[in-house]
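Engineer: This is the structure I have questions about; it appears just below.
The values are calculated or read from the model by the stated rules, or taken from the named source; none is laboratory data. Note that the structure is a prediction, hence the values are computed from the model and not measured. No Cβ is skipped: glycine too gets one built from the backbone with ideal geometry, and neighbour counts run over all protein chains shown.
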Amino acid sequence: MIWQQLQSLVGSYPLALRGLGVTVVLSLISLVLGTLLGFGLGILRTGGNRLISAAIGAWVDLIRGTPFLVQIFLIFFILPEFGIELDAFTAGIIALTNLAACFICEIVVAGIRSVPTGQVEAALASGLSRWQRMRQVVLPQAMRIVLPPLVGQYVLLIKDSSVVSAIGLTDLTRVGWLVVQRVPNGLLVFFLVGLGYFIVCYPLIMLARRLERRMGAAHGEVQL
Amino acid sequence: MTASPSKNGTGMIEFRGVNKWFGALNVLRDITLSVEPREVVVVCGPSGSGKSTLIRCINGLETIRDGDLVVDGQRLGDPATNMTRLRTEIGFVFQSFNLYPHRTALENVTLAPIHVRKIPRNEAEQAGRELLAKVGLADKVHAYPAQLSGGQQQRVAIARCLGMRPKIMLFDEPTSALDPEMISEVLDVMVAVAEEGMTMMVVTHEMGFARKVAQRVVFMDAGAIVESGTPEEFFSQPKTDRSRAFLSKILRH
Amino acid sequence: MTASPSKNGTGMIEFRGVNKWFGALNVLRDITLSVEPREVVVVCGPSGSGKSTLIRCINGLETIRDGDLVVDGQRLGDPATNMTRLRTEIGFVFQSFNLYPHRTALENVTLAPIHVRKIPRNEAEQAGRELLAKVGLADKVHAYPAQLSGGQQQRVAIARCLGMRPKIMLFDEPTSALDPEMISEVLDVMVAVAEEGMTMMVVTHEMGFARKVAQRVVFMDAGAIVESGTPEEFFSQPKTDRSRAFLSKILRH
Amino acid sequence: MSTASLVSGTSFSMLENFSFRTIVEYLPLFGQGLVTTVWLSALSFAGALAVGIVLAAMSLQRGWLFRVPAKAYIDAVRATPLLAQLYFLYFGLPHLGFVLPELVVGILALSLNSGAYVAEIIRAGILSIPRGQVEAGVASGMTYVQRMRLVILPQAFKVTIPPLLGQAIVLVKDSALLSLISVSELTRAGQLLASDRFMPAEGFITIAAFYLLLYYGLKGLAALSGRWLGLQPARSST
Amino acid sequence: AGTLDDITKRGELRVAVQTQGPPFSLVGAAGERTGSSVELAELMAKEMGVKITFLDFDWDGLIPALLSGKADLLVADMTPTLARGMKVAFTKPYMYTGSTVFTKADGKFKTTEDCKAKGTKIAVLLGATGEKEAKTAFPDADIKSYKGGGPLLLDAVNNGQADCGVNDVSAVKGQSTAYPAGSFTIMPDLLSKEPLAFATRYDEPDLLVWMNLFLDQVSVDGRLQKNLDYWVNSDAWKKDH
Ligand SMILES: Nc1ncnc2c1ncn2[C@@H]1O[C@H](COP(=O)(O)OP(=O)(O)OP(=O)(O)O)[C@@H](O)[C@H]1O
Ligand SMILES: Nc1ncnc2c1ncn2[C@@H]1O[C@H](COP(=O)(O)OP(=O)(O)OP(=O)(O)O)[C@@H](O)[C@H]1O
Ligand SMILES: [Mg+2]
Ligand SMILES: [Mg+2]
């Protein structure tokens, strides 16, 4: 029985590869876009304009506070009622990018706020403009705080990308559901799905740990 | 009691009836003070008396509520005054150095000249090396702040200000975060800067420095200038009880 | 050159040929030093010379590699020595106070007596109030550290140590993070503690304090004890070039 | 001509026919789901805190005996989806001879999953406490446990509130996955509305509204607990 | 212009399906999409003379896909209830099926009566008609609604998380073939008789009329019967897919 199931599973490997491909490509594109957008939002959020800052805050709350499934449904199924017709892949990328940007915005804000005010004052005192202060002084220092959780967030987003199967994309999780119909051993099938995610995510987690250790060492880690 | 402003208002720094509040707290009370070009003024007084606030106002790190503050002929708070430009004329040395930790000593010194003054990189670096040599750090050009002692960091901070060729230098307790042995390294550099004719305001309790180079000592308490005079006058015959008590405490040990 | 240990080893603190390394760095070199009960020893020397490491070894915040260190008759590193118990006999006052920010002044003072010494809460609080009154903070009993000035915080830290009724008090630059005016508040409290007959080792550059209460001044450089003697000897006729240079720098201003 | 324009002109669009009346009709069901989601998440979060504290304590040990297994567990959980973990527990445990009720499996899965993240948060919180605080505790003769309990954890707790809040929100939303193994929580109520009545917009938007409610509730709670612990009033950033 | 014109102009029929397992809709051994409903839809497209595009959603996505106009019609083993009929237009039924009870072959639940005992754990699919019927047929039982498709019910019963399962008989028969023969006892009696139908929107009356015509035609010429015999009434499909 197990033997037969394994055979059947091996037969499904092209499907599995395609699913893994969709997961990786979708995540990659959204993470790159989401990072750019997230940094933009984070910088605006700390920029001192109350109105912009509050608007971004409200948007981030809305996205953090509602299920991703609903967000993706609204983009794919409800936007057409306003004349915006998107294919599933584009809708998935938009939804995931937006989600990523909101989480990354929070990380960036925390990073920027962690830079001592003295640094900003030193930059102010030497006449650097707003953008120069951000670019030359604040952001490079904020990166120490930002990088480890940023990479950690990537892992979460890659896993969240499985929700796109709701709008008809065949990602890795979806492949699991399809295969389990032929091979009625959910344990085995979803173990393999888990393994697929592990292969993608584990290197990122290692990277996050290494970054954390490097940045931590620079600040002198505490021993208990 | 206030320090006499120069009548015609030609001072490099001119406070005229300046007041500042933090919430309900009146941290600067009716400050009137004029600093002439090339003058060195030492500001002292108890903690919380408003010394830092006073000099932070000068380059606009704090804004004032009423009164006039004119620096290098330009009125602060005036829409016509370009603060970013004015700040390039004013160097500020912080108690905690505030060097950019992700940049080497040389990069700290050249960052503003390159990006603000738009000086070509190699020229700026040339000038930066000379400045670092001047403060005795020719061999630390490529060191990061974390690799420098406190005294060395503060000297880089001074070089960083000098790199912008400012007309005025402000110092906020530049030696109080330093180890005793390193204080003199920094004071020596400051004396050298003063002797080249820089206009300086220095918040410090290093009375030796005040005696050596200050033309005037200003004593503040509770946001007001309580006393002001030459170092000799101030140290030998403090006029108020408050300044006498203060001097007795800081000079005792 | 080393400080002479008491021959029969009755010292309260006995270093015998102690060495310590951080990686390849020999931060304590062959330290031999004996501190008698009720003796007050001031340790000074340039930054990085190993002063902090020396006194941190005494209550086991650092471990030593070879040599013997005997405190109150117990050998450190000996499995028979209960470090946690021994530490209750040793008070340690840090440069940066290290008060518990989530506890009031009184709670800071009573925390260890209640949990370590198992003294009933109301007794401990009674004693805590008396101690705070003794360091001049009767009115700050319920203040949180953030609501206190640096000098007040350091006095709470001293009261916190005294609350454990230690046999030995160690101070690591207790005044160097303070405003000039506040230094004397803390030094006055330390003088009072010394005069009650506490065994004390104090890392400080406050030479006034050393003159007033120290029986001995120990000068360290590069991990070794270079010179040791009474304050009068040390200040008037330093024996080595290194200590002469050091004294000239820190006494100049 | 695109179908979209054709549809928007008719009365069969999902928003135009949005039926609040049907939502009201299903409100009791949503209410039940909400209650289940709340207590389920609360229990799971308590479990996650317990798991997280143990794992954090293990991963802060110097010796490898506890540290390595803890880190391996944390990484494995973080690198794999909750779905796979849920499957593993629900269908894997019976093979080992445990048939547990769905609710128990669900709470277990959420606790074990979130526990890994909570462990990382707590570890970071503890490491953020200045070294001097630890030394002050050591110097006054406190034992490891006393230091942790009296000095480090109370301070670390403050630092960890915002990230813990974030994790709680993730957990609340993740609990929706339990409808897979027949636990009827908030999401399921919306799905029923969608499949009985074919009103997906009503179903899912109502779910979103309820989750948003929970989100703001948690946020308020975090702000309150911050104030209660004597923190600065929480910044609006979270 | 009606929907049929649009489809002709587009040259493409867009069909929303749920790949929830044999015999109606599945992914075959070679990764191809197939099944009873899928083949019927392909037949429709062939008759229309256009190509077919399948949009593959899970249960949550099916109705939104139809209502938002992403799909022209919806092909799934869906029971046309009156409540559902308020929102979408169903074709006439093309086959009748019913919910059945199944248990593990070597378990202690042998008959439908056994399952009526108090506290029996009964697995059903969330939102499916079987869920409603199980509630009336087994009032004392503990009904567990799973989400994720029929195979999950079989898995739950097989692993002991549930004592009995209730699902569409065709689905149960089709999906249990993935297990070794004789793993499950499928009760012969049906809890209900219910029709299956395709769905489209009410603003596509032309398409609805055409689909009904299509169903009449294929019933008359026997192509429907052939499809059902191959997929539903036997497991002849197993050797091909
Ligand atoms: N950002 C601020 N918000 C509120 N109050 C402030 C702020 N900055 C300073 N203050 C208050 O203003 C007063 C003057 O502060 P300032 O830093 O100018 O004193 P100082 O003389 O420099 O003291 P020190 O010697 O301690 O540096 C103090 O009472 C201080 O508490
Ligand atoms: N944890 C550590 N790891 C590595 N090296 C250390 C560590 N702590 C101290 N050192 C090094 O040991 C030497 C002695 O340090 P120590 O802090 O005892 O000096 P100090 O005399 O107290 O100096 P200061 O006056 O600056 O406090 C220094 O060179 C320092 O860099
Ligand atoms: Mg100040
Ligand atoms: Mg030291």
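Engineer: Anything in the stretch B:55-68 that is in contact with a Gly (Cβ under 9 Å, 6 or more places away or on another chain) and either under 17 Å from B:Met12 (Cβ atoms) or within 16 Å of ligand 4 (Cβ to nearest atom) (or both)? List them, or say none.
Structural biologist: Here is the first cut: in the stretch B:55-68, the residues in contact with a Gly (Cβ under 9 Å, 6 or more places away or on another chain) are B:59-60, B:63-64, B:66-68.
Selection gives B:Asn59, B:Gly60, B:Asp68.
Engineer: Given the residues E:Met44, E:Met78, which is the only one that is in contact (Cβ under 8 Å) with a residue 24 or more places away in the chain, at negative phi and within 14 Å of chain D (Cβ to nearest Cβ)?
Structural biologist: That would be E:Met78, the only listed residue that is in contact (Cβ under 8 Å) with a residue 24 or more places away in the chain, at negative phi and within 14 Å of chain D (Cβ to nearest Cβ).
Engineer: Ok, one more. Just checking, how many residues over the stretch E:4-33 are over 20 Å from the mean Cα position of the chain (by Cα) and more than 10 Å from chain A (Cβ to nearest Cβ)?
Structural biologist: Adding up the residues that qualify gives 10.
Engineer: Also, I was wondering about something else. Please list, ordered by first then second residue, the pairs with beta carbon atoms under 6 Å, 6 or more apart or interchain, first in the stretch D:202-214 and within 8 Å of chain A (Cβ to nearest Cβ) and at negative phi, second outside any helix (DSSP H, G or I) and among the polar types (S, T, N, Q).
Structural biologist: Hits for this filter: D:Ala208/A:Thr66; D:Tyr211/A:Thr66; D:Leu212/A:Thr66.
Engineer: To continue, here is another question. Would you please name the residue that is modelled with the lowest pLDDT, looking only at residues in the stretch A:1-53 that are assigned to a loop (DSSP other than H, G, I, E, B) and out of contact with any helix residue (DSSP H, G or I) (no Cβ under 6 Å at 6 or more places or on another chain)?
Structural biologist: Step one: list which residues in the stretch A:1-53 are assigned to a loop (DSSP other than H, G, I, E, B), which gives A:1, A:12, A:46-49.
From what's left, out of contact with any helix residue (DSSP H, G or I) (no Cβ under 6 Å at 6 or more places or on another chain): A:1, A:47-49.
Working: A:Met1: 63, A:Gly47: 87, A:Gly48: 82, A:Asn49: 89.
For the stretch A:1-53, the residue satisfying everything is A:Met1.
Engineer: Would you mind stating whether C:Ile55 is more than 16 Å from ligand 2 (Cβ to nearest atom) and either within 14 Å of chain D (Cβ to nearest Cβ) or more than 19 Å from C:Leu170 (Cα to Cα) (or both)?
Structural biologist: no
Residues are listed down the side, and each one gets a yes or a no for (1) touching an Asp or Glu at 6+ places or on another chain (Cβ under 7 Å); (2) touching a residue at least 40 places away in the same chain (Cβ under 8 Å); (3) under 30 Å from E:Ile63 (Cα atoms):
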residue: A:Pro116; (1), (2), (3): no, no, no
residue: A:Ser129; (1), (2), (3): no, no, no
residue: A:Val137; (1), (2), (3): no, no, no
residue: A:Gln141; (1), (2), (3): no, no, no
residue: A:Leu147; (1), (2), (3): no, yes, no
residue: A:Leu150; (1), (2), (3): no, yes, no
residue: A:Val163; (1), (2), (3): no, yes, yes
residue: A:Gly186; (1), (2), (3): yes, no, yes
residue: A:Cys201; (1), (2), (3): no, yes, no
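Engineer: On to the next question. Considering only the stretch B:17-27, state which residues are over 13 Å from B:Ala224 (Cα atoms) and part of a strand (DSSP E or B). Let's see the steps before the verdict.
Structural biologist: Here is the first cut: in the stretch B:17-27, the ones over 13 Å from B:Ala224 (Cα atoms) are B:22-24.
Hit for the stretch B:17-27 is B:Phe22, nothing else.
Engineer: Then there is this: Can you find a residue that is farther than 18 Å from B:Pro174 by Cβ, within 15 Å of ligand 1 (Cβ to nearest atom), hydrophobic (A, V, I, L, M, F, W, C) and not in a strand (DSSP E or B) anywhere in the stretch B:234-246?
Structural biologist: Looking through the stretch B:234-246, at least one residue is farther than 18 Å from B:Pro174 by Cβ, within 15 Å of ligand 1 (Cβ to nearest atom), hydrophobic (A, V, I, L, M, F, W, C) and not in a strand (DSSP E or B).
Engineer: Okay, moving on. Filter the stretch B:94-106 down to the residues that are among the hydrophobic types (A, V, I, L, M, F, W, C) and more than 8 Å from every other protein chain (Cβ to nearest Cβ) and list them by number.
Structural biologist: Scanning the stretch B:94-106 gives B:Phe97, B:Ala105, B:Leu106.
Engineer: Which one is nearest to ligand 1 (Cβ to nearest atom) among residues in the stretch C:41-83 that are surrounded by fewer than 16 Cβ atoms within 10 Å (Cβ to Cβ) and either within 13 Å of the chain's Cα centre (by Cα) or of a type in the set (D, E, K, R) (or both)?
Structural biologist: The qualifying residue nearest to ligand 1 (Cβ to nearest atom) is C:Arg65.
Engineer: Show me the strands (runs of 3 or more DSSP E) found entirely inside the stretch E:71-180 where at least 2 residues are of a type in the set (A, V, I, L, M) and touching a strand residue (DSSP E or B) at 6+ places or on another chain (Cβ under 8 Å).
Structural biologist: Those strands (runs of 3 or more DSSP E) span E:73-78, E:121-125.
Engineer: Checking the condition more than 24 Å from B:Glu125 (Cβ to Cβ) and of a type in the set (A, V, I, L, M), which residue from B:Ala177, B:Ala146 passes? Full working, then the answer.
Structural biologist: Numbers: B:Ala146 fails: more than 24 Å from B:Glu125 (Cβ to Cβ).
Residue meeting the stated conditions: B:Ala177.
Engineer: Does C:Gly91 qualify as being surrounded by 23 or more Cβ atoms within 10 Å (Cβ to Cβ) and either within 16 Å of ligand 4 (Cβ to nearest atom) or within 12 Å of another protein chain (Cβ to nearest Cβ) (or both)?
Structural biologist: Yes; evaluated as a whole, the condition is true for this residue.
Engineer: Just to be sure I understand the filter: pairs with C-beta atoms under 8 Å, separated by 6 or more residues or on different chains, first member in the stretch C:59-71 and over 13 Å from C:Met83 (Cβ atoms) and in contact (Cβ under 8 Å) with a residue 12 or more places away in the chain, second member of a type in the set (Phe, Trp, Tyr) and buried (at least 16 other Cβ atoms within 10 Å of the Cβ). Which pairs pass?
Structural biologist: Between residues of the stretch C:59-71 that are over 13 Å from C:Met83 (Cβ atoms) and in contact (Cβ under 8 Å) with a residue 12 or more places away in the chain and residues that are of a type in the set (Phe, Trp, Tyr) and buried (at least 16 other Cβ atoms within 10 Å of the Cβ), the close pairs are C:Gly67/C:Phe15; C:Asp68/C:Phe15.
Engineer: Right, something else. Only one of E:Tyr146, E:Tyr94 is crowded, with 20+ Cβ neighbours inside 10 Å, over 17 Å from D:Ser184 (Cα atoms) and modelled with pLDDT of 85 or more. Can you tell me which? Spell out the reasoning first.
Structural biologist: Details: E:Tyr146 fails: over 17 Å from D:Ser184 (Cα atoms).
E:Tyr94 is the lone residue from the list that is crowded, with 20+ Cβ neighbours inside 10 Å, over 17 Å from D:Ser184 (Cα atoms) and modelled with pLDDT of 85 or more.
Engineer: Give the number of residues within the stretch C:166-204 that are away from ligand 1 (no atom under 16 Å from the Cβ), within 13 Å of the chain's Cα centre (by Cα) and in a loop (DSSP other than H, G, I, E, B).
Structural biologist: 6
Engineer: Just give me the residues in the stretch B:153-185 being within 14 Å of chain C (Cβ to nearest Cβ) and either without any contact (Cβ under 8 Å) to a residue 40 or more places away in the chain or of a type in the set (D, E, K, R) (or both), in sequence order.
Structural biologist: Once the filter is applied, which keeps residues that are within 14 Å of chain C (Cβ to nearest Cβ) and either without any contact (Cβ under 8 Å) to a residue 40 or more places away in the chain or of a type in the set (D, E, K, R) (or both), the stretch B:153-185 yields B:Asp172, B:Glu173, B:Thr175, B:Leu178, B:Asp179, B:Pro180, B:Glu181, B:Met182, B:Ile183, B:Ser184, B:Glu185.
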